[in-house]
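Values in this text are rule-based calculations from the coordinates and carry no lab data. A quick note: this is a predicted structure, and the numbers were derived from the prediction, not measured. So basically every Cβ, Gly included, is an ideal-geometry build from the backbone, and we count neighbours across all protein chains shown.
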Amino acid sequence: MNIVVCAKQVIDVSEIKVDPSTKKPVLQGVPLKISDIDKNAVEEAIRIKEKHGGKVTVLTVSSSDAKERVKELLAMGADEAVIVSAPENADYDVVSKLLAAAIKKIGDYDIVLGGEASIDLFSGQMGPRLAGLLGIPQITYARKVDAEKDKVVAERDVGDVVVTMESPYPVLITVTKEINEPRLPSLMQILASANKPINEWSMESLGVKELTPKMETVEVKGVSMERKNIVYQDDVDEAVEKLVDSLAKEGVLR
Amino acid sequence: MVLVYSDDEKNMLELIAKAKDVSKELDEKATAVVFDTDDESLAKKYIMHGADRVFMVKTGLNTFKGEEYTDAMEKILEETNEEVVIVGSTKNGKELASRLAAKLDTGCVIDCINLYVKDGKLTTERVVYSGNAIAVERFNSKPAVVTIPPKVFDPLPEDESRAGEVIKKEVKVDRYPSRIVDVKEMKTGEVNVEDAEIIVSCGRGFKKKEDIQLVEELAKVLRGTTGCSRPIAADLKWLSEDHWIGLSGHKVKPKLYIAVGISGQIQHIAGMRDSDVVVAINKDPEALIFKSADYGIVGDLYEVLPKLTNAVKEKMS
Ligand SMILES: Cc1cc2nc3c(=O)[nH]c(=O)nc-3n(C[C@H](O)[C@H](O)[C@H](O)COP(=O)(O)OP(=O)(O)OC[C@H]3O[C@@H](n4cnc5c(N)ncnc54)[C@H](O)[C@@H]3O)c2cc1C
Ligand SMILES: Nc1ncnc2c1ncn2[C@@H]1O[C@H](COP(=O)(O)O)[C@@H](O)[C@H]1O
């Protein structure tokens, strides 16, 4: 079973600070990481490989250096990595076309895995977009995946209903955060992964000509949240009394 | 022309209202799409709420399937040449819109909270970086595909005198080799956190399912609704998903939001940051939730909650 996992390098959103004067988020210098749910996708891929054999390739399109972060995924158990360098203003259209071109170059694949959504943009757009470009079936929001020899059975979590889907290969699946617990690689695994191949492909080497983004970002506005931050730490009875008084004054106890 | 589709009926009415609003600026009309039903009263309802045209489309399927419905939408668009496609931001809607945008080689914005024409271009606003910012983007491609979540816009009032066309259509869609094997309804508590004025939410600070009762009691005294963090609904399944608040759950803006045993990770805050007054109860004085709260009590929820419920009861009587 050959599996390609699309994993995105993102800024760690919990580390974003807001510039107090402009109220805009400061994105420079924010640490980078692999988008949380993409690690669930890598974990799921490794589990499928452990069952059926085959190869797990992690694929990322990034405009900044992604090598260090991708190594973590190789340490988890992926066999090989492909990093495609993207232009600065790459939108979903551009990135999906680069992912599709890279997947076609990788060639022989049964499953393309991704996260239900990326932690920075949280669209859930890339998976189905990519499936559309590749012309293959898609199963989104999978919270359970059973890969059998010639078909996969997966449970889609659609909120008030759970839809069980079945598909032959190749298929694209996006997974939810609850599907598994991503493993933490041991020191041994980290060391052993040092020799695993990381391929860096350019747009040109994929035969992709210039891509013009379909979307243009006009502005990124800040959203400020002002809170009173009054915390009662003392005696519980006293704290409860003070809190209830404050809530009454706020006019919310009616 | 604006094409509108959602698999959620209420959401559909909201989208039609927005489509009318946007199409006014483009000097065009709103077309609603319904799939695989004979229920003409639905089409009439959409017309009474503003649709100029309703396509009742038969695909030969009896339920939503992303690949085939995308195909059907593509075929409708080939014929009608709409400039804007608005899809409801349900999980089905998002996968449909995204795949459709790929097929049409165009841009797509998921979860728009605003949509307007500026300088002749369709412009969108959406929340990014887990609620830390709003990205304003505009389309340089057509048709523009966007999704809009429930309750972002208000529906137009029902007007029986409105006229519109109902057009029945058979669309031959390409069949994909994947199939739906089973559809299981999840038990929902018919909770509507989005409309609640007061919400008391619980998180992983609760040790067992039965203890959630402590939150329900406080909510009851406050005449409010119970909510929860993602792990309570998604991992532990102690409450149904309609209680789930946050980035991947429901977005709420009550007058009072009380977070109990919730750490205050940014993805939770993304769902409740528009609340008027926020209260946090957590035993860890360093918990992030206090940064997003107006009032906080540092303490064990098992001690604080019963006392708070009593005190509120007394105050309100
Ligand atoms: C892409 C993505 C989307 C997500 N979407 C959402 C979402 O929509 N909604 C959401 O909620 N989360 C979401 N999350 C998860 C989020 O990051 C956090 O993991 C989650 O919110 C934590 O839930 P919690 O606060 O209940 O649990 P924890 O983080 O485990 O916090 C439990 C808290 O309880 C406190 N506590 C423990 N015992 C007691 C006690 N006896 N008395 C008082 N306090 C106590 C602890 O101090 C701690 O602060 C998402 C994550 C990702 C990656
Ligand atoms: N630049 C990228 N490189 C690789 N995979 C990506 C990239 N962007 C998005 N993805 C994949 O698409 C999923 C959904 O992302 P999004 O549509 O941004 O919510 C992610 O969880 C990844 O699996």
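Which whole-number percent is the relative contact order of segment B:33-75 (Cα, under 8 Å, 6+ apart)?
Averaging sequence separation for qualifying contacts and normalising by length gives 44 percent for segment B:33-75.
Residues with beta-carbon under 13 Å from that of A:M126, excluding A:M126: net charge, scoring Lys, Arg +1 and Asp, Glu -1?
After counting each charged neighbour, the total is -1.
Using only alpha carbon pairs under 8 Å that are at least six residues apart, calculate the relative contact order of segment B:252-299 and give it in whole percent. If you can, show how the numbers build up before the last one.
Details: 87 pairs, mean separation 19.1, N = 48.
Reported relative contact order: 40 percent.
Is the shape of segment A:2-206 best called rounded, prolate or oblate, per the rule: a/c under 1.5 gives rounded, else a/b larger than b/c gives prolate, else oblate, with a ≥ b ≥ c the square roots of the Cα gyration tensor eigenvalues?
rounded
Given a cut-off of under 8 Å on Cα pairs at least six residues apart, what relative contact order in percent is computed for chain A?
Relative contact order here is 23 percent.
Using the per-residue mean of other Cβ atoms lying within 10 Å as a proxy for protection, in what order, highest first, do the peptides A:62-68, A:129-135 fall?
Order by mean packing, descending: A:129-135, A:62-68.
Checking the a/c ratio against 1.5 first, then a/b against b/c, what shape does the Cα gyration tensor give for segment B:119-268?
Here segment B:119-268 falls in the prolate category.
Shielding by partners for B:263-272, please: the mean number of other protein chain Cβ atoms within 10 Å of each residue's Cβ.
Details: counts 0, 0, 2, 6, 6, 0, 2, 2, 0, 0.
Mean inter-chain Cβ contacts per residue within 10 Å come to 2.
Among A:I179, A:I3, which comes first, second and so on when ranked by fewest other beta-carbon atoms within 10 Å?
The order, fewest Cβ neighbours first, is A:I179, A:I3.
Net charge near A:K33, counting Lys/Arg +1 and Asp/Glu -1 over other residues with Cβ under 11 Å of its Cβ?
-4
Helix A:36-52: angle to the longest alpha-carbon principal axis of chain A, degrees 0 to 90, nearest 10?
40
Where does the protein assembly as shown land at 222 nm, in deg cm²/dmol rounded to the nearest 500, when only DSSP H runs of n ≥ 4 count, each adding -39500 (n - 2.57), divided by all residues?
For the protein assembly as shown, the value works out to -9000 deg cm²/dmol.
Note down the net charge around B:D284, summing +1 for each Lys or Arg and -1 for each Asp or Glu among other residues with Cβ under 13 Å from its Cβ.
Summing Lys/Arg as +1 and Asp/Glu as -1 gives +1.
Would you mind pulling out the separation of the Cα centroids of segment B:71-114 and segment A:182-245, in Å?
Each part's Cα centre sits 28 Å from the other's.
Once Lys and Arg get +1 and Asp and Glu get -1 on their Cβ, which of B:I199, B:I180, B:P155 lies farthest toward the positive end of the dipole of segment B:144-206?
B:I180
Using the Cα centre of chain B as origin and beta-carbon charges of +1 (Lys, Arg) and -1 (Asp, Glu), tell me which of B:I76, B:A234, B:L308 is placed farthest towards the positive end of the dipole.
It is B:L308, whose Cα lies furthest towards the positive end.
What's the average, rounded to a whole number, of partner chain beta-carbon atoms within 10 Å of each residue's beta-carbon in A:219-225?
Averaged over the peptide's residues, the number is 6.
Mean Kyte-Doolittle of at least -0.5 and a Cα length of 24 Å or more along the axis: which whole DSSP H helices of chain B meet both?
Both cut-offs are met by B:9-26.
Just rank B:S248, B:S275, fewest to most, by other beta-carbon atoms within 10 angstrom.
B:S248, B:S275
Note the angle between two axes, namely the Cα long axis of helix A:67-76 and the longest principal axis of the Cα atoms of chain A, as a number of degrees from 0 to 90, rounded to the nearest 10.
80
Evaluate the distance, in nm, between pseudo-label points positioned 7 Å from the Cα of A:N199 and of A:S64 along their respective Cα→Cβ axes.
Inter-label distance under the simple model: 2.6 nm.
So what's Rg/Rh here for segment B:2-170, counting alpha carbon atoms and using the Kirkwood radius for Rh?
Taking Rh as the inverse mean 1/r over Cα pairs, Rg/Rh reads 0.94.
In a Gaussian network model over chain A where Cα atoms closer than 10 Å are linked, find which of A:I106, A:I173, A:I119 has the largest mean-square fluctuation.
A:I106
Would you mind classifying the protein assembly as shown by shape? Square roots of the alpha carbon gyration tensor eigenvalues, ordered a ≥ b ≥ c; an a/c under 1.5 is rounded, otherwise it is prolate if a/b is larger than b/c and oblate if not.
oblate
Using alpha carbons only, how many angstrom separate the centre of segment A:107-152 from the centre of segment A:1-55?
Their Cα centres are 15 Å away from one another.
So for B:E194, B:E137, A:E210, B:E165, fewest C-beta neighbours within 10 Å to most, what's the order?
Listing B:E194, B:E137, A:E210, B:E165 from fewest to most nearby Cβ atoms yields A:E210, B:E165, B:E194, B:E137.
Which whole number gives the average, over all residues in B:122-131, of C-beta atoms from other chains lying within 10 Å of the residue C-beta?
5
Taking H as built 1.01 Å from N, whose amide H comes closer than 5 Å to the amide H of A:V5, not counting residues under 5 places away?
Close amide H contacts, sequence-distant or interchain: A:T57, A:V58, A:L59, A:L113.
To the nearest 0.05, how large is the calculated FRET efficiency for A:E80 and B:K237 if R₀ is 35 Å and r is the Cβ-Cβ distance?
With a Förster radius of 35 Å, E is 0.45.
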